[in-house]
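Novice: Structure below; questions to follow.
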Amino acid sequence: MRDGRRRFVVRIARAAGVVPAVLSLIEGRGEALPRGQETDFAILDAALVIEHHAIAVYDTGLQRGLFPPGLRDRAVEFRGDHVGHRDTQIAISRERGGRPPEARAHYDLGPLEPGDGFVRQALQIEVAAQEANTALISHIDTRDYLLSAAFILVDEVRHMTVWRRVLGFRIY
Amino acid sequence: MPSALALASTGRRRFLRGAAAAPLVCLGRPAAVRATEYASASEVLDTIDRREVEVAGRLAAIARAIAGAQAFADSVASDQAGHRADREKLRHRLKLPTSSAPAPPPPDLSLAALREAQQELVHAHAEGLPALGDAGAVAVLARHLVDASRQLTVIDLWIEAEELRA
């Protein structure tokens, strides 16, 4: 991950509430945590706070009509995917005796611009989710969680690619 | 067999829309939606090799026939060349046998068939990660998974555009 992008991902992850130990993994600063159940819990928690943040972005955009009208269905679909990721990861955590983090009561999403400006905001959280997942996935110890994280990554890349296409960025 | 949790609400979501809402109760999902459980890293890499050749063959045939598809085909070919080189390094490091060259697919200009082949390539990466047993290999194939998923989305957008045009 290049430095500028890494700083951006870390900023989003920190804003979402990712704990410092996992932030260091996202930053690529080596094996900060030993492999095992505790690390899996830390990664699950980090993934969950980012999912909560993503859902908050989509909820805000949908409730306030900030997505361009022709893209509302996409936003609804992507929000649904994030809700599915959240529920799956909460279930994985609870199944293993974890205490998954809940969503915050309030998210400071900064200035909210309608139209392409809000698509850019949705793209940012998707990029952060994808980059964080890509950085963390090789630290996951449990096979089931690794498989789940892989398919979540597939969804995040799809969201990111669609929003990049909408904004006129290169997608291949 | 992987836990039902592992597949709920993920890339298999088109088959699992109902299950996604209740990840703990989808144990009875049909066999068709079960993930492939690979036995070894070698099997994963061999499967990816085969899937990749199929995508490359189908995309090359389409690019020869459809104006405007060549740039995407070239981009995918470039990514795949890098991925193949990475997999060879992995095979060498993990002391795995080299795979035999897979046969190319029959000529077919169907975008739907291309999409299916690309989706199988994505699934081979995703479902293969747990069988690798090596964090470095997981990191490499996860990056390849990102590229393959992006290419799958480009194909999806391409198909959508064709449908709108029709």
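Computed from the coordinates by the stated procedures, all read-outs in this text should not be read as laboratory data. Everything numeric in this text was worked out from a predicted model, so none of it was measured. Methodologically, a virtual Cβ is constructed for each residue, glycine included, from the backbone with ideal geometry; neighbour enumeration extends over all protein chains shown.
Novice: Being within 18 Å of B:Ala126 (Cα to Cα) and more than 15 Å from the chain's Cα centre (by Cα) is the requirement here; does A:Asp116 meet it?
Specialist: Answer is no for this residue.
One line per residue, one yes/no per condition, for (1) in a helix (DSSP H, G or I); (2) of a type in the set (Gly, Ala, Ser); (3) in contact (Cβ under 8 Å) with a residue 12 or more places away in the chain:
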{"residue": "B:Ala81", "(1), (2), (3)": "yes, yes, no"}
{"residue": "B:Arg87", "(1), (2), (3)": "yes, no, yes"}
{"residue": "B:Lys95", "(1), (2), (3)": "no, no, no"}
{"residue": "B:Pro102", "(1), (2), (3)": "no, no, yes"}
{"residue": "B:Glu116", "(1), (2), (3)": "yes, no, no"}
{"residue": "B:Val122", "(1), (2), (3)": "yes, no, yes"}
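Novice: Scan the helices (runs of 4 or more DSSP H) fully inside region A:18-125 and keep the ones with 2 or more residues being within 12 Å of chain B (Cβ to nearest Cβ).
Specialist: Counting at least 2 such residues, we get A:37-63, A:72-95.
Novice: With (1) in a helix (DSSP H, G or I); (2) hydrophobic (A, V, I, L, M, F, W, C); (3) more than 7 Å from every other protein chain (Cβ to nearest Cβ) as the list, and A:Leu153 as the residue in question, which single condition is left unmet?
Specialist: Among (1) in a helix (DSSP H, G or I); (2) hydrophobic (A, V, I, L, M, F, W, C); (3) more than 7 Å from every other protein chain (Cβ to nearest Cβ), A:Leu153 violates only (3).
Novice: Also, quick follow-up: For region A:162-171, what are the residues that are within 23 Å of A:Arg6 (Cβ to Cβ) and either more than 11 Å from chain B (Cβ to nearest Cβ) or surrounded by fewer than 24 Cβ atoms within 10 Å (Cβ to Cβ) (or both)?
Specialist: Once the filter is applied, which keeps residues that are within 23 Å of A:Arg6 (Cβ to Cβ) and either more than 11 Å from chain B (Cβ to nearest Cβ) or surrounded by fewer than 24 Cβ atoms within 10 Å (Cβ to Cβ) (or both), region A:162-171 yields A:Arg164, A:Leu167, A:Phe169, A:Arg170, A:Ile171.
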